[in-house]
Amino acid sequence: MASQNTSQAGRAPSRRRGHERVAALLAAASDCFVEKGYDATTMTEIAARAGASIGSLYQFFPTKESVAEALITGHANGLNEHMERLLAQTPDWTTEELADHLLRAFADYRKRHPAFVALVEVAGSLPSMLGRTIRQRMRDYLSQILAIHAPGLPAGDLRPAAMVVQQLMKAAVALDGEQPATLRKAAQNQLQHALSLYLGQLAARR
């Protein structure tokens, strides 16, 4: 994850109370970004939502970009930890189980962290470079997962295959909002079947 410029970084909290203030400010910012979007949110609104003075906000976050970067970094770290767990469990899963866990990964994380969507995936938001970094890191994890699941797959094929899997994971996100529920479930089952077939074909290569 790209580091913040020194000129952009606020004072790091050194005590428990300071950490609690930062957590409250970030929680308020997260709510504002979800409700209004990054571009429409102001620093004044973030401070007001947190019940803090604008000076307190600027003490830790000199710019709205620095607030968003802190949130994105936290969410990216959480997503990386989730992928680390998937990576560790990959050897124990069947092809069908791996497909299920991969397809649920993005959709479940988005539900738990809506600000991640508002900041990283919505057009016009801040962090194109940060978003690219997150996507590339995700492909790193998927390449490692595929190397375990399909040990016969040539190294040069791992990255393209990871990109295909990543796009299917995004398709699962898109289907998650479809209605009615019966059709959504049927489509999700077919998508899981498609990914299972793809993963099985990769694993069968020698």
Under the condition of being touching a residue at least 12 places away in the same chain (Cβ under 8 Å) and open to solvent by 70 Å² or more (accessible area, probe 1.4 Å), which residue from the range 152-183 is nearest to Phe106 (Cα to Cα)? Lys170
For the list (1) touching a helix residue (DSSP H, G or I) at 6+ places or on another chain (Cβ under 8 Å); (2) within 21 Å of Leu86 (Cβ to Cβ); (3) among the hydrophobic types (A, V, I, L, M, F, W, C), I need the number of the one condition that Ala187 fails. (2)
Starting from the range 133-145, keep only residues that are within 14 Å of His101 (Cβ to Cβ), then list their pairs with residues that are surrounded by 19 or more Cβ atoms within 10 Å (Cβ to Cβ) and not hydroxyl-bearing (Ser, Thr, Tyr) whose Cβ atoms are within a distance under 6 Å, requiring at least 6 positions of separation or different chains. Tyr141/Met83; Leu142/Ala162; Leu142/Val165
Considering residues of the range 176-206 that are in contact with a Ser or Thr (Cβ under 6 Å, 6 or more places away or on another chain) and not hydrophobic (A, V, I, L, M, F, W, C) only, the residue farthest from Gln166 (Cα to Cα): Gly200
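The values are calculated or read from the model by the stated rules, or taken from the named source; none is laboratory data. Being a predicted model, the structure only gives us computed values, none of them experimental. As a convention, Cβ positions derive from the backbone with ideal geometry for all residues, glycine included, and neighbour counts pool all protein chains shown. Protein only, heavy atoms only, side chains kept; ligands, DNA and RNA dropped before computing areas. Shrake-Rupley method; radii C 1.70, N 1.55, O 1.52, S 1.80 Å.
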